[in-house]
Amino acid sequence: MNIDILLGLQWGDEGKGKIVDALSPVYDVIARFQGGPNAGHSLEFNNVKHVLHLIPSGIFHPDKLNLIGNGVVIDPAVFKKEIEELGPPVSELTKRLIISTKANLILPSHRILDAAYEASKGKSKIGSTLKGIGPAYTDKTSRNGLRVGDISRDDFMDLYKEHLNRHLTILKCYDFKFDLKEYEKEWFEGVEMLKNFRIINTEYLVNELAGKDKKILAEGAQGTMLDVDFGSYPFVTSSNTISAGACTGLGISPKMIGEIFGIFKAYCTRVGSGPFPTELNDETGNDLRNIGHEFGSTTGRPRRCGWLDLPALKYSIMINGITQLFMTKADVMSGFKIIKICTSYKVDGKECLEIPFNNDSAIEPVYTDLPGWEENISALKDYNDLPEALKKYIKFIETETGVPITMVSVGPDRKETIFRK
Ligand code: GDP
Ligand code: IMO
Ligand code: MG
């Protein structure tokens, strides 16, 4: 059981990038298994912040292997830009990063389709990042996709044109203006960049390394509440963001999974549309956004903010089989006099512990109030030194969920991480 998984339990942006980077020293391989450039994973060290979209968050550790699995959808233009902005030369990065032949490609026309679909939705927009995720996964499951392994084929250009023409036919049904040329140029330059990297059937390598007692960390993108099956459909992404997604997105057996780390913010955020029972459209919500710098890492959009939602957290823990909880952004809540925590919902006047199927249900959160804490906690290194009120908050969540909180993150830097002994 040499493969651990780290994934988000809320609506994304829980701090996955920061924690994967902080955990990387104890792993040999860091592997992304789903999602694509809709992700924005931030990590900070030496006073510099990096935001990764496609590349796993272990990339800054020179001795670690980073792997983009078959479950990921790759836009070569985004990939090239990201590689060039990382810092280390391409010749060095090609030693640290390998890519699955079976990862599907996001074509320039997938981005256009994403925008056309979203524009046609009127009031029921998903709030997509418009990176082409939905159309690329649609083509994958309808068996119309192009994959990374195809870029070395002699007839790649013909295949590309075939796919483009199919998309252009669909686009005729939409009253949507677009210009493909500029992006197509960047995209083909990205394809050339991809060719510098090792493109292999990564499922063989992952299984071989796990068999040799190498430790692998599977890095989730998005969050459980954005999962295509279990999130608030249709306000979700197009992949399985849950622990089961690591098996299909890397080609591994459930038997090989060890720990499943579930990461959550001490409060909740959501970017894009869809239900958010504990959302705060008031001063407290603004305070959480401003103190927590809650603006999207990929799109810059302001994130919706609210109190911690335990029914949603418990649901995520159940679906994923979480073995350890990691709590981030506890520092953002310093100074709040009262901290509310949602313990159940009232749906149409009746108390309820389940997330309703119907997104239109009027959900009223039922709160328990806990005392806040004043202290700035970002410099603390030892769990025992955390304010008593924060420890009570942690204890409350552990008792409610039945899962231990083994890590508390108190700032964006990789050093601002407290592991509980
Ligand atoms: P991800 O998508 O899950 O990797 O999360 P994002 O990077 O999109 O968003 C998390 C944001 O919170 C980033 O700006 C991080 O630098 C920051 N962050 C992560 N952990 C902490 C923490 O414990 N405290 C504070 N204040 N910021 C954090
Ligand atoms: P990370 O990995 C937060 C949201 C979008 C939108 C919905 C569908 O950084 O946590 P898509 O582009 O997939 O069609 O968008 O999902 N979304 C995210 N929200 N963090 C993310 O990734 C997200 N990736 C997608 O805002 O509501
Ligand atoms: Mg993010």
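The values are calculated or read from the model by the stated rules, or taken from the named source; none is laboratory data. Bear in mind the structure is a predicted one, so any value in this text is a computation, not a measurement. Counting neighbours? That spans all protein chains shown, and the Cβs are built from the backbone with ideal geometry, glycine included.
I need the full set of residues from the stretch 229-266 which are closer than 15 Å to Val206 by Cα and surrounded by fewer than 24 Cβ atoms within 10 Å (Cβ to Cβ), in order please.
Selection gives Cys247, Thr248, Gly251, Ile252, Ser253, Pro254, Lys255, Met256, Ile257, Gly258.
Please list, ordered by first then second residue, the pairs with beta carbon atoms under 6 Å, 6 or more apart or interchain, first in the stretch 248-277 and more than 25 Å from Gly296 (Cα to Cα) and touching a residue at least 40 places away in the same chain (Cβ under 8 Å), second acidic (Asp, Glu) and not in a strand (DSSP E or B).
Every condition considered, the pairs that remain are Gly251/Glu203.
Could you please let me know if Ile319 is within 17 Å of the chain's Cα centre (by Cα) and surrounded by fewer than 23 Cβ atoms within 10 Å (Cβ to Cβ)?
Yes: the conditions hold for Ile319.
Return the pairs, sorted by first residue and then second, in which the second residue is assigned to a helix (DSSP H, G or I) and more than 6 Å from ligand 1 (Cβ to nearest atom), the first residue lies in the stretch 12-32 and is under 16 Å from Lys265 (Cβ atoms) and in contact (Cβ under 8 Å) with a residue 60 or more places away in the chain, the beta carbons are less than 8 Å apart, and the residues are 6+ apart or on different chains.
Gly12/Leu226
Which of the residues belonging to the stretch 65-106 are out of contact with any strand residue (DSSP E or B) (no Cβ under 8 Å at 6 or more places or on another chain), more than 28 Å from Lys181 (Cα to Cα) and charged (D, E, K, R)?
Glu92, Lys95
State all residues of the stretch 78-95 that are touching a Lys or Arg at 6+ places or on another chain (Cβ under 9 Å) and within 16 Å of ligand 2 (Cβ to nearest atom); if no residue qualifies, say none.
Scanning the stretch 78-95 gives a single hit, Val78.
Quick test of your reading of the structure: Asn201 fulfils all but one of (1) under 16 Å from Val73 (Cα atoms); (2) loosely packed, with under 15 Cβ neighbours inside 10 Å; (3) within 21 Å of the chain's Cα centre (by Cα). Name the failing condition by number.
Unmet for Asn201, out of (1) under 16 Å from Val73 (Cα atoms); (2) loosely packed, with under 15 Cβ neighbours inside 10 Å; (3) within 21 Å of the chain's Cα centre (by Cα): (3).
Test Tyr383 against the stated conditions and say whether it is more than 16 Å from ligand 3 (Cβ to nearest atom), farther than 18 Å from Tyr267 by Cβ and either among the hydroxyl-bearing types (Ser, Thr, Tyr) or surrounded by fewer than 13 Cβ atoms within 10 Å (Cβ to Cβ) (or both).
Yes; evaluated as a whole, the condition is true for this residue.
Among residues belonging to the stretch 1-45 that are among the polar types (S, T, N, Q) and within 16 Å of Ala221 (Cβ to Cβ), point out the one that is farthest from ligand 3 (Cβ to nearest atom).
Gln34
In a loop (DSSP other than H, G, I, E, B) and touching a helix residue (DSSP H, G or I) at 6+ places or on another chain (Cβ under 7 Å), is that true of Ser378?
yes
In the stretch 245-264, which residues are closer than 18 Å to Lys314 by Cβ and in contact with a Gly (Cβ under 7 Å, 6 or more places away or on another chain)?
Ile260, Ile263
Please indicate, with yes or no, whether at least one residue in the stretch 149-170 is closer than 30 Å to Ile30 by Cβ and either within 16 Å of ligand 2 (Cβ to nearest atom) or touching a strand residue (DSSP E or B) at 6+ places or on another chain (Cβ under 7 Å) (or both).
Looking for residues that are closer than 30 Å to Ile30 by Cβ and either within 16 Å of ligand 2 (Cβ to nearest atom) or touching a strand residue (DSSP E or B) at 6+ places or on another chain (Cβ under 7 Å) (or both), one finds at least one in the stretch 149-170, hence yes.
I'm checking my understanding of the structure. Among residues of the stretch 275-312 that are within 16 Å of ligand 2 (Cβ to nearest atom) and of a type in the set (Ser, Thr, Tyr), which one is surrounded by the fewest Cβ atoms within 10 Å (Cβ to Cβ)?
Of everything passing the filter in the stretch 275-312, Thr299 is surrounded by the fewest Cβ atoms within 10 Å (Cβ to Cβ).
Tell me which helices (runs of 4 or more DSSP H) are completely within the stretch 128-231 and hold 2 or more residues being within 16 Å of ligand 1 (Cβ to nearest atom), or say none if there are none.
none
Could you tell me whether Thr328 is away from ligand 2 (no atom under 15 Å from the Cβ) and either β-branched (Val, Ile, Thr) or modelled with pLDDT of 95 or more (or both)?
Against the criterion (away from ligand 2 (no atom under 15 Å from the Cβ) and either β-branched (Val, Ile, Thr) or modelled with pLDDT of 95 or more (or both)), Thr328 does not qualify.
Output the residues belonging to the stretch 323-371 that are closer than 27 Å to Ser243 by Cβ, surrounded by fewer than 14 Cβ atoms within 10 Å (Cβ to Cβ) and not aliphatic (A, V, I, L, M).
Scanning the stretch 323-371 gives Glu354, Phe357, Asn358.
Right, Ile151: more than 26 Å from the chain's Cα centre (by Cα) and hydrophobic (A, V, I, L, M, F, W, C) or not?
Taking the combined requirement at face value, the residue satisfies it.
Of (1) away from ligand 3 (no atom under 16 Å from the Cβ); (2) modelled with pLDDT of 95 or more; (3) more than 30 Å from Lys337 (Cβ to Cβ), Pro277 satisfies all except one. Which?
Of the numbered conditions (1) away from ligand 3 (no atom under 16 Å from the Cβ); (2) modelled with pLDDT of 95 or more; (3) more than 30 Å from Lys337 (Cβ to Cβ), the odd one out for Pro277 is (3).
Among the numbered conditions (1) away from ligand 1 (no atom under 12 Å from the Cβ); (2) aliphatic (A, V, I, L, M); (3) free of Cβ contacts under 8 Å to residues at least 60 places away in the same chain, tell me where Leu288 comes up short.
(1)
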